[in-house]
Amino acid sequence: MKKKNVRLAALFMAGLVLGGPAYVSPASAQSGPHTLRGSVANEQASALAGAHVRVPRLEQGAIANNNGLYVLAGLPADTVTVYVSFVGYGSVSRLVDLRQGDAAEDFVLVATVETLFEVTVEEDEADRALLLSPQSVIRLEAADLAVVRGQTLGQTLDRLPGVTTLSTGPSIQKPVIRGLHSDRVIVVNDGVQQEGQQWGAEHAPEIDPFAPARIEVVKGAAGLEYGAGAIGGVVRVEDHPLPQEPGVGGRVMLNTFSDNRQGAGSIQVEGGSRAVPGLGARLQVSARRAGAAHTPDYVLGNTGFFERAAKFALGYSRGPLELEGHVSRFATELGIYRGSHFNTFAGLDTVLALGRPPVNYEFSYEIDAPKQDIVHDLSAARLRYNLGDGARAEVQYGYQRNRRQEFDADRLGGRDPLARAAFDLTLSTHTLDVKLQTAPRAFLGGNAFSHVGLSGMNQGNSSNIGYLIPNFRAYTGGAFARTKWLSGAFTLDAGARLDVRRMRAFPRERGNSGAFERIEQRWWGLSGAIGGIVQLADTRSLAVNVSAAWRPPGVNELYSYGVHHGTAQFELGNRDIEPERSLGVDFTIRQRSERLQFDGSLFATRIHNYIHLVPTGGPIVTVRGVFPGFQYDQTDAVLAGFDGSASVEIYRGLATDVVFSVIRGDDVTRDEPLLQMPADRVGASLAYTLPDVGALRGTEFDAGVRFVRRQDRYPTRVNEDGVSVPLDYVAPPDGYSMFRFGVQGELVLGSQSVRYGVSVENLLDTDYRDYLSRYRYFAHDTGRNIVVRIQVPFGTRRDED
């Protein structure tokens, strides 16, 4: 899609929000002269200034003033349901009769132990909390995840505004938030910060795709709670709360994918104890098996995978005390596309020029070299204690062990490449977090909430074979404080954090040869953020957030030397690299009404000492073959753009969605575009939900399209003939359009229900390459894919999807 069309789509959606709802409900048109007034307070009779009082059916609402008083005028002579909510308190609803005239209703809210800074509440209340977030936040609930259940985390998030995917073949995807990924995006898995060699472009998060009940994406710097590194954002993956009611139940989930003939499934069993009230447990086991994927014209040889995952969680809750622990294992064997490894310059040059494999591969489930074997173990224990009036304390310990083996394709001299890994890394991580959330208190005419915490991490990497990255030991400590102040229609959110990191690394003197050195380095830095939100109406808010963050260099950025087999490239570290420091601003407008939901953001981030991989200018010859060369470098960069989404109910059962993302990344030191920035994209979908008929419930048909324009902003160089050519090994691919179609619903047979979904991705079998595919040098992306999903709940468990 052309720039003009993207701008028009963005301006049109913004106009809908700024201009108000695109319709007038019959109830609003017939509003009568009656008035509802009253007060909102807590159990101690303290006024809750800023509480929301709403009548959603009429799209009318009010905000309690500094004395906790509210007034709703112009209501019809009818009975209406009134909802009252306030951050840090449980919501209440009440049926009010206005048929006889004006009415007065006072509401008392009870403080909850839900965190004030993480959206982990019920869906309606979470929508209210999002309106009060100064950052750009997207949330996927269980119903949203059911449509994409069984795909990788990167694929799950790929349709969200501002989020794209960095892929390394069809089985490895990791999220890219506003052009930033890997060590700049923190993934939090059920409360524990994921640590699994995430520095690698093809090292996707080791998370069971069947497990999440909710995923939340925070776009932009979010380092206050999570420490140095979250310059790009945070992805929070949350499981269902453990059951406490007696009984046993669960669900079975089955998926099939046509493109790589993948079969996937998961079974989850959970329940609460009758003998020990408050005791609950859950066990989940999942597996995925796939063969080689297909493009529209050929097979991507050796791209199958075999993935297994298991998790057991146990929790106990009694009065103010909550205890929870879980253990999990994620293991996968991943084939690396065979056409990405070459023994000679001629072989590499031929494929770069051809853009596809010179030989025809056959489909197979067999996984041969090159390949990866990864095992990720996680154990965590968490204690929470409710101190009363919404205050609580929390302590969490986590241990992770990640073992990564990568096998190359070198068969010279009759060598068996599967007999010994090219490199074998084991990363062990201990983390400890202590947090305290204070009770709300009156402050400067409003209410203030505070959140303070300490964190520590002890991490070590051992290399059993190979030296792509050296052995190291790192210690990290941090402390933060954050306060949110609410008064009437205004909210202010501010905080600061200090982090210190010490690392001892043991690289070789000359890359992969010479004696081992011992190098000790220390870094420290401050992060901070201040944001403001103004409620333009009960269902609409405008937010601005200014944040500063930093990130110490990773061990790979400093000391890499060797072939990275997963990405099929030779990587060179840079010992002179210094920490990154960023300063960003984000403007966000949100609408949450019955028929219109909109999120739109304008953002800009300047990163001093931006670290990135740049081509070395030519392939590098090794004993294992010939590979494109890349080296880590630093510059000053600016990333700016806009993204957002709009969902409009056109008519009963008929809705449309629009998602758009535009980003510009520039190297301001060299005055040229940055390499590997996501291309502009806009997506649209139309969904229609049929009325329930017999056993068929919630049947929905959905059709969508995504337009991705060609990335025409990329750095260049002058070759030996004096011609300007791309700095990268090949020019960016053409833009493309991708269509999809699907149907989903529920089949109810007596007391048993079955949820089903059938979707066709890449409906027209489009031949394309995405700019953020690491294999775009060698091959096209995958073709048409027919996906079937079935979910069957059983037992006494209340299915929450």
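The values are calculated or read from the model by the stated rules, or taken from the named source; none is laboratory data. Only a predicted model underlies this, so the values are computations on that prediction, with no experimental measurement involved. Using ideal geometry, Cβ is built from the backbone for each residue, glycine included, and neighbour counts are taken over all protein chains shown. For accessibility, only protein heavy atoms count, side chains too; no ligands or nucleic acids. Shrake-Rupley method; radii C 1.70, N 1.55, O 1.52, S 1.80 Å.
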What FRET efficiency would be calculated for the residue pair residue 94, residue 537, taking the C-beta separation as r and a Förster radius of 30 Å, to the nearest 0.05? 0.85
Quick one: Karplus J couplings for the stretch 590-605, per residue in order, coefficients 6.51, -1.76, 1.60, θ = phi - 60°, nearest Hz, x for Gly and Pro? 10, 10, 9, 10, 5, 10, 9, 10, 9, 9, x, 9, 10, 9, 8, 9
Report the gain in length on full extension from residue 718 to residue 595: 0.36 nm times residue separation, minus Cα-Cα distance, nm rounded to one decimal. 38.9 nm
Where does the charge balance sit around residue 586 when Lys and Arg score +1, Asp and Glu -1, over other residues with C-beta under 14 Å from its C-beta? +1
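Semi-axes of the equivalent ellipsoid of the stretch 680-801: what are they in whole Å, largest first, if each equals the square root of 5 times a C-alpha gyration tensor eigenvalue?
So the equivalent ellipsoid measures 45, 15, 11 Å along its semi-axes.
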Debye log10 I(q)/I(0) for the stretch 132-236, one point scatterer per Cα, at q = 0.10, 0.11, 0.19, 0.23 Å⁻¹: -0.23, -0.29, -0.91, -1.40
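Give, in nm to one decimal, the length gained when the segment between residue 765 and residue 794 is fully stretched (0.36 nm per residue of separation minus the Cα-Cα distance).
6.7 nm
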Among 434, 658, 80, what's the order by accessible area (1.4 angstrom probe), most exposed first? 434, 658, 80
Compute the relative contact order of the stretch 132-236 as a whole-number percentage, counting only Cα pairs closer than 8 Å that sit 6 or more residues apart in sequence. 31 percent
Relative contact order, percent, of the stretch 632-777 when contacts are C-alpha pairs under 8 Å separated by at least 6 residues? 18 percent
May I ask which of 174/435; 219/484; 174/219 have a Cα-Cα span longer than 23 Å here? 174/435
Starting from 0 in steps of 10 Å, tell me what percent of the Cα-Cα pairs of the stretch 248-380 lands in each bin. 11, 28, 24, 17, 12, 6, 3, 0
Give the separation of the Cα centroids, the stretch 665-715 to the stretch 473-540, in Å. 31 Å
Remind me, relative contact order of the chain in percent, using alpha carbon pairs under 8 angstrom and six or more residues apart? 11 percent
Provide the gained length on full extension for the span residue 401 to residue 689, in nm with one decimal, where the gain is 0.36 nm per separating residue minus the Cα-Cα distance. 99.2 nm
State the Cα centre-to-centre distance between the stretch 741-759 and the stretch 269-305 in whole Å. 20 Å
Could you calculate the FRET efficiency of residue 436 with residue 649 from 1/(1 + (r/R0)^6), where r is the beta carbon distance between them and R0 is 56 Å, rounded to 0.05? 0.85
Can you check what the net charge comes to around residue 524, using other residues whose Cβ is under 15 Å from the Cβ of residue 524 (Lys, Arg +1; Asp, Glu -1)? +2
Share of pairwise Cα separations in the chain, more than 55 Å, in percent: 9 percent
Please calculate how many Å² of accessible area the chain carries per residue, with a 1.4 Å probe and no DNA, RNA or ligand atoms counted. 40 Å²
R0 = 35 Å: FRET efficiency of residue 77 with residue 546, Cβ-based, nearest 0.05? 0.15
Could you sort 506, 312 by accessible area so the largest value comes first, with the probe set to 1.4 Å? 312, 506
Shape descriptor, the stretch 278-343: equivalent ellipsoid semi-axes (Cα gyration tensor, sqrt 5λ, whole Å, largest first) stand at 43, 11, 9
Run the dipole for the chain about the Cα centre, Lys and Arg Cβ at +1, Asp and Glu Cβ at -1, nothing else charged, and hand back the magnitude in debye, nearest 20. 520 debye
Can you check what the Kirkwood hydrodynamic radius comes to for the stretch 436-508, Cα pairs only, in Å to one decimal? 15.5 Å
Simple spin-label estimate for residue 751/residue 500, 7 Å along Cα→Cβ, in nm, reads 6.1 nm
Which angle between 0 and 90 degrees, to the nearest 10, do you get for helix 345-354 versus the longest principal axis of the chain when only C-alpha atoms count? 40 degrees
Which percent of the accessible area of the chain is formed by carbon and sulfur heavy atoms (probe 1.4 angstrom)? 56 percent
